[in-house]
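Here is the structure we will look at.
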């Protein structure tokens, strides 16, 4: 009888605490990708995770690293404080769209401007999940939420913010990519970008951010498959999937750094 | 002993630095001192004032209601700030800019500080002439002590101005001596 | 150590910054605001020379959260600001309290509310002793009254913060910030790294469990236990570090309570009242206002005929004095605001009035 081989073991970068996310939520996928990358790069014991405010507030229980829980939106500032004290520590901040693109916009922009040598995992599911489905800065036009019940309009709430494109105007941003946690191929691509974002930090190359288009079946009021289709058909249209900046690759090629 | 010195002048006349020098010189001769820049909302146009307390006891309040001496650098200073000077106090006035001698129940030293500085050939020594007159007029410190403190305060690159500064301090002190008679 | 101190003539801001360095601070995060800009400027100049880090944050909000991060990583860290900036830091400060992180803040208080002005004020007394963000936490609050004390208290604040795993605020004002006085500087030296087994950072997982810096306690009983632990620390701090100074008559008829710059003015007034008016007066000057020197104030209140509080606010500190006095004697208030400062004569007149009302002085 052939010996069974576990080809995809439970990642060492995660604890065994049961996650509190809703059924179908892609936070779990994002956590696992980050955890696998930490393990592959062998940096679990010198990484500090920053959990912010939102559905992922308990991230400090899930990542098998040292962790700090930050005030709403302040992950990049807290990461800066840690990194400036301990340059050898790998620091990443895990933030949702309310945390990063709304209340924490100043902190992420200035961390990028300083080219702070940190990594940010940015979960964009276009809605406030933890507070139960309100409009986010990334909510699409026409999208219904509990605070845009008729659908988001330009008149009432302006336009959704494209974080990667905005940060790409800053020379301090060294790695910027937008990925989607929808299909197996896109999830593999997401992992490549997450890995690159940590490699950028390990190389001391500066600020790295990966935006992950994610689903929120609960507050989108869709089943998970429908939610995935929504990302593929609507969100990617407004939020194109792209590596906007990869300074390490540019340096390898000796090319223009865009800076 | 307790001396409360009030100084006032236009921004750029170096009021604050001159006040710091006097306080520092006071510290160097073993007195307890404070220097406090006062906010003067009543006078517009970049006006500087400061109060220096020199005492062999507790400094206590670094502010002064009734200064025992004043150094007033321009007509606005005389007009706005002279009133609280104590009876019998010492008023050192820059007579190059304030031609009319203030009258009152106090001693006045008219020091042509800008003229002295011009004669020395160094415009930056205006304050030193006034400080020299004040030091001699109050008898609180010798101008040699003030010069020593100035040397300690100044960055090395400004030490080349020391002979001019010492000269202005002495010229001022000569005028100040007359107030002690 | 005292014989190694170098006497210099410097401003309160500079003495504060150098005090931070002497206290072991090598990480400073701040945002410019008058009247304390000389502190970040000093730190920007000096910290890089000694292997430290100065970083100008994008806001006070970011600054306090950088402090939070640096403290999480075990650093001796400080920030300084003035009233509106300290107000912006309240949430981050609450996180520091809740996560039990030692750090040092300096507030050079200016006039308010609102944008107010840049004149001296003591109107952040409640902000410091009652505020410090939301929730059941308090800031240990030190109140220096001279350039020397700004230096010494700031330096000492780091050890206090470490001892109680709690933020410490040095509460001063625009006059103390800008005035210059002689100051004997504590020599700079490399202090041993503080023992902080709870700090995050690289570690051997065989040597310790994961460290988590956190203030989220969903279960009520757990959260209450945190509050009780903090309260116990404050009780302990009250026993161990409550500090004050007294000056004046040993058999006073009038007690004056004032802290910081007001106490300086009151010192002069006490001398005048005793020497010139013949009203026996004693100044009780808190050097810590949280914990508050309740006992000495209460015990003098038993013996005096009247008490006078002098502060640069319409009446904040006076409430703590009244809580300490508990009706043992009448408590009068001389409060100025908006950048205005009472003169020595104003205080003396109030002493006379208080004494007259108490029947211990003739007109």
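Odds and ends about this structure:
- With respect to chain C, whose longest principal axis is taken over its alpha-carbon atoms, helix C:294-303 is tilted by about 10°.
- Using alpha carbons only: equivalent-ellipsoid semi-axes of the stretch C:74-202, gyration tensor based, whole Å: 25, 21, 10
- Distance cut-off 47 Å, percentage of C-alpha pairs in the protein assembly as shown lying past it: 35 percent
- Among C:52, C:131, C:260, the largest mean-square fluctuation in a Gaussian network model of chain C, built with springs joining Cα atoms closer than 10 Å, belongs to C:52.
- Report note on the peptides C:177-185, B:87-95: ranked by the mean count of other C-beta atoms within 10 Å, highest first, their order is C:177-185, B:87-95.
- Relative packing of peptides A:56-66, B:123-133, C:11-21, A:134-144 - highest average C-beta neighbours within 10 Å first: C:11-21, B:123-133, A:56-66, A:134-144
- Fewest-first ordering of B:159, A:72 by other beta carbons within 10 Å of each residue's beta carbon gives B:159, A:72.
- Sequence-separation-based contact order of the stretch B:2-180, relative, with Cα cut under 8 Å and 6+ spacing, percent: 20 percent
- Taking the DSSP bridge list for the stretch C:245-357 and keeping only pairs wholly inside it, about 25 percent are antiparallel.
- Relative contact order, percent, chain C [alpha-carbon distance under 8 Å, six or more residues apart]: 18 percent
- Cα centroid separation - the stretch A:8-74 against the stretch A:81-144, whole Å: 15 Å
- Taken as Cα centroids, the stretch C:326-344 and the stretch C:27-44 sit 31 Å apart, rounded to the nearest whole angstrom.
- Number of partner chain Cβ atoms within 10 Å, mean per residue of A:56-67: 4
- Shape index of the stretch B:28-125: Rg/Rh, with Rg the Cα radius of gyration and Rh the Kirkwood radius from the inverse mean 1/r over Cα pairs, equals 0.99.
- For chain A, share of DSSP beta bridges that run antiparallel, in % to the nearest 5: 25 percent
- Global size of the stretch C:234-361 as Cα Rg and Dmax, reported in angstrom: 13.5, 42
- When you work out D = kT/(6 pi eta Rh) for chain C at 20 °C and 1.002 mPa s, using the Kirkwood radius from C-alpha pairs as Rh and the Stokes-Einstein form, the result is 102 µm²/s.
- Angle in degrees between helix C:220-241 and the longest Cα principal axis of chain C, rounded to the nearest 10: 50 degrees
- Radius of gyration and Dmax over the Cα atoms of the stretch A:81-147, both given in Å: 14.3, 45
- When Rg and Dmax are taken over the Cα atoms of the stretch B:2-180, they come to 14.7, 44 Å.
- With N the number of residues in the stretch B:130-181, Rg(Cα) / (2.2 N^0.38 Å) evaluates to 1.14.
- DSSP bridge pairs, chain C: antiparallel proportion in percent, nearest 5: 30 percent
- Applying D = kT/(6 pi eta Rh) to the stretch A:149-195, where Rh is the Kirkwood radius over alpha-carbon pairs, T corresponds to 20 °C and eta to 1.002 mPa s, the Stokes-Einstein value obtained is 162 µm²/s.
- Percent of Cα-Cα distances greater than 13 Å, calculated over the stretch C:256-328: 63 percent
- Between 0 and 90 degrees, the angle of helix C:60-72 with respect to the longest Cα principal axis of chain C falls at about 60 degrees.
- Each of B:72, B:150, A:225 has some number of other Cβ atoms within 10 Å of its Cβ, and from fewest to most they run A:225, B:150, B:72.
- Length-normalised contact order for the stretch A:116-259 - Cα pairs under 8 Å, 6+ apart - percent: 29 percent
- In the stretch A:27-249, the convex hull through the Cα atoms has an average projected area of 10.9 nm², a quarter of its surface area.
- Distance between the stretch B:137-154 and the stretch A:183-229 - C-alpha centres, whole angstrom: 70 Å
- Each 5 Å bin, from zero up to the one with the longest distance, holds this percent of the alpha carbon pairs of the stretch C:1-67: 4, 17, 25, 25, 17, 6, 4, 2, 0.
- Percent of alpha-carbon pairs separated by more than 13 Å within the stretch A:26-65: 51 percent
- Semi-axis lengths, largest first, of the ellipsoid equivalent to the stretch A:184-259 are 31, 13, 10 Å, with √(5λ) applied to each eigenvalue of the Cα gyration tensor.
- Fewest-first ranking of A:82, A:7, using other Cβ atoms within 10 Å as the exposure measure: A:7, A:82
- Rounded to two decimals, the Cα-based Rg/Rh of the stretch A:1-128, with Kirkwood Rh, is 1.02.
Read-outs: derived from the displayed coordinates by stated rules, not from any lab. Keep in mind that what you see is a predicted model, and the values were worked out from it rather than measured. So basically every Cβ, Gly included, is an ideal-geometry build from the backbone, and we count neighbours across all protein chains shown.
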